[in-house]
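The values are calculated or read from the model by the stated rules, or taken from the named source; none is laboratory data. Keep in mind that this is a model prediction, so the values were computed, not measured. All Cβ positions, glycine included, derive from the backbone under ideal geometry; neighbour counts span all protein chains shown. Side chains are part of the model used for accessible areas, which takes the heavy atoms of the whole protein and leaves out ligands, DNA and RNA. Shrake-Rupley method; radii C 1.70, N 1.55, O 1.52, S 1.80 Å.
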Amino acid sequence: SFENGEPFRTRGLDLSWDYMFPLNLVSDRLPGALSLTIRANRALEASGLLSAGLASSLGIDRVPVDFVGQLGSGLGWVPGIQPTPKWSGNIITTYLYGPMAVSLSARYVGGAKIDKVFYSDSEGEPYYKDANGRYVWGSIDDNSVPAYLNFALNGSYDLPVQGTRQFQVFA
């Protein structure tokens with residue numbers, strides 16, 4: 001049986017809305033249908049204890065770390081936890097007409113820090129300056145990643161191919 005020897009927690013809120021309507025409701029001359037999908041995620045917690053190996057190599061106790069609001073990899077500092085922005089989401093619009101579908105999607109990733117544990121970019125944060133005021137390992141001038149939006153355009157077509165139930169080409 002499995003045992004969670006390195007306790008971790010993930011919590012969040014997932015929101016989704018899907019709507020499809022035939023375009024002939026707008027005008028009798030418009031063929032096909034339009035689909036709109038909106039999905040959003042608000043991460044509330046992605047936490048666990050700093051890995052034993054890293055903690056002992058740094059000479060510190062195993063402290064809890066929450067990776068919500070971080071986009072950097074985390075380098076396995078907390079096994080089982082992936083860094084995640086506070087907000088992320090998708091908007092997908094698809095036009096459907098017979099065997100053809102064309103989709104335009106937008107993916108949003110909220111702004112976050114590169115690393116919340118060891119990279120510091122302001123006074124008062126741990127690992128920024130030592131007791132003598134010297135910058136320490138992990139100090140960087142900008143520890144942030146701005147929010148970004150990227151787009152994708154996809155198309156598919158179902159081809160009738162004898163002897164198959166479904167054959168689809170897509171790009």
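Worth a mention:
- Per-residue accessible area (protein heavy atoms, 1.4 Å probe) orders R9, R165 as R165, R9, starting from the largest.
- Sites S27 and A147 - FRET efficiency at Förster radius 30 Å, r taken between beta-carbons, to 0.05: 0.20
- Solvent exposure, largest accessible area first (probe 1.4 Å, DNA, RNA and ligands not counted), of S16, S47: S16, S47
- Solvent-accessible surface of protein heavy atoms, probed at 1.4 angstrom with all chains present, puts D66, D115 in the order D66, D115, largest first.
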